[in-house]
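Reviewing the structure listed below.
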Amino acid sequence: MTKISKRVFGYAGLLALLMGRGTVAFKAQSAPKTAAAKTTCSRTLVLGLVDVQQCDLLQNPVTDNWVSYNGDYTGRRYSGLSQVTPANARHLGAKWIFHFQNTPGLVEVTPVVVNGVMFITRGNDTYALNAGNGKELWHYARAVSSGLIDDASNHINRGVAVLGTHVYMNTDNAHLLCLDARSGNLIWDRAYAADNKNYGATSAPIIVKNLVLVGSSGGDEGVRGFVAAFDAKTGNEVWRFWTIPAPGEFGSESWPGDMWKHGCGATWLTGSYDPELNLFYVGTGNPCPDYEGSLRPGDDLYTNSLVALDPDTGKLRWYFQFTPHDLYDFDAVQTPVLVDTTFKGQPRKLVVTTNKNGFLYILDRTNGKYLYSKQFLKVVNWASGIDEKGRPLSNNLVPDDKGVLICPAAGGGTNWYSPSYDPATNTYYFRSAGTCSVYTSKPEKFAEGQTWYATGTTRPDAPSPNAGYINAFDLNKLDFTWRDRLIGQGHALAGVMTTAGGLVAFGNDAQEFEIDDLRTGKPLWAFNLGQPMHTSPMSYAIDGKQYFAVAAGDNVIAFALL
């Protein structure tokens, strides 16, 4: 059963609550010369009116509005706002706090802001807030689903997508919902995962042209991964790409019998899009069962891969597999960051990503050609390196019933938390965690309603690496500019973002929201959240005032210069 809270407003109500602040002239800022950057939104928009057009989605970089999960299509988590700088960042302070009340689910949302309206999610609920003061405008409520397992049972929801006057969100049991951005009323509801009750959904949808693209979770539970596209107006399914090939298709030799139905390769994080190449990039998860590979011989395509899809048809253009025949839960869903720069003396269209397996990769995003990799953890023992074609040089460490020490741990050298890229310094920023696990394996049969790890991991008894870092990787020098050790009680699951003001912002391991100088890594300011931050920050502006917003614990908090 669903319900809408009594606080429901049409456009008039939204404008009244936004205090009639007038109009906002919205125009793209200067950016690298790409098809996305050439598009401008020069129309005058009334503060509080949500009507996202294609030119809004193509903004590069984003400024006043943060229109999608990663801000823009590139996955860079870079804001063109520059009001807050290394010189004044110490004057930041909390402007408002919104507290989720009686809403279940882990909070891993990145807020989306359009013309002063902020959209946030928790569990199966969506809220529209006044982004200037945090006051609730409307609330769509939907009960969380029962009978879910593993990630889906935590009711994780990472945010919304917006097109026109519609807001799109996934539910914990893999439904795509379309809501009216003015009132929160439900327009349509589409269930998009069937035949296996182990499916769930944890990612934010993404809009590409007139389609809403979604993925699914369940990548440790024996599902068959996919990306699906739905018509934004009608909710009708347009195409579906399966990450596990069916019998007779290319790559199916890894999936004997009916294993293809349960091979996993879930697509549980939002991808990136290049409008000039018309390619959608999304990472795929590990194969199933996780730690026991005898049921799935060979490379296990297309798990642990970056796939490039034609967004109009869902057809595969190319793929690159980071960890063939993965035995260590090294999902490759990490955000693909799209960068146009000079690489080794030649202008290239690159995709940069850091992988759970402990290596940073640079690929040619036009064709998936491997160009470069670098180990970013001090201790990696599952492979001795990467060969000239990008394939890992495996050390053939196979989990067994006695347990085998593997570095990095199952949580990975990095994970879903967002990286960022600063075009001014041509530097890629990301969080890493250097830990190890003891992997244990024994055969298990697939069963609905149960996980399919076969069997699990534990912490090693002997001392092992246990350090988190924020890393700045220079794409000119192909080396680290700086690496800052994170000190605190544990590893936060908090991503990073950068700004034109010369800042890198992230959640540190001491339950703080921290802002550093992106050129040097020098800490500039931190705010004690008092709760772990398991989200990635974002930035927006209202009436020329820049805000940062983060979610921590049960709250969303906005900061600005005092």
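Each reported figure results from applying straightforward, stated rules to the coordinates on display, with no laboratory input. Since this is a predicted model, take the numbers as computed values, not measurements. We place every Cβ from the backbone using ideal geometry, glycine too, and count neighbours over all the protein chains shown.
The figures follow:
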read-out	value
Cβ-defined net charge surrounding Ala558, 12 Å radius [Lys, Arg +1; Asp, Glu -1]	+3
Under the Karplus curve 6.51 cos²θ - 1.76 cosθ + 1.60, θ = phi - 60°, whole-Hz ³J(HN,Hα) for the range 71-79, x wherever Gly or Pro sits	x, 9, 6, 6, x, 7, 6, 10, 10
Between the range 101-168 and the range 263-309, the alpha-carbon center distance in angstrom	26 Å
Residues whose placed amide H lies under 5 Å from that of Phe226, excluding near-sequence neighbours	Ser216, Thr243, Thr267
Of (1) 25.1; (2) 38.7; (3) 22.9, the label for mean projected area of the Cα convex hull in nm² derived from the coordinates	(3)
For Ala131, distant residues with modelled amide H under 5 Å away	Val117, Met118
Cα-centre dipole for the range 134-266 with unit charges at Cβ (Lys and Arg positive, Asp and Glu negative), debye to 20	500 debye
Surrounding net charge for Asn415, when Lys and Arg each add one and Asp and Glu each subtract one, Cβ distance under 9 Å	+1
Relative contact order of the chain, pairs being alpha-carbon contacts under 8 Å that are 6 or more residues apart, as %	14 percent
The chain - Cys residues lacking any other Cys C-beta under 4.7 Å	Cys178
Amide H partners (placed H, <5 Å) of Asp312, local residues excluded	none
Residue-wise HN-Hα coupling along the range 301-307, computed from phi with Karplus coefficients 6.51, -1.76, 1.60 (Hz; x: Gly, Pro)	5, 9, 6, 6, 10, 9, 10
For the range 440-516: relative contact order, % (alpha-carbon pairs under 8 angstrom, 6 or more apart)	17 percent
Label-point gap, in nm, between Asp479 and Asp401 - each point 7 angstrom along Cα→Cβ	5.0 nm
Phi-based couplings in Hz for the range 484-493 (Karplus 6.51, -1.76, 1.60; Gly and Pro marked x)	9, 5, 8, 10, x, 7, x, 7, 6, 9
For the range 2-561, size of Cβ-based charge dipole, Lys and Arg +1, Asp and Glu -1, in debye	1440 debye
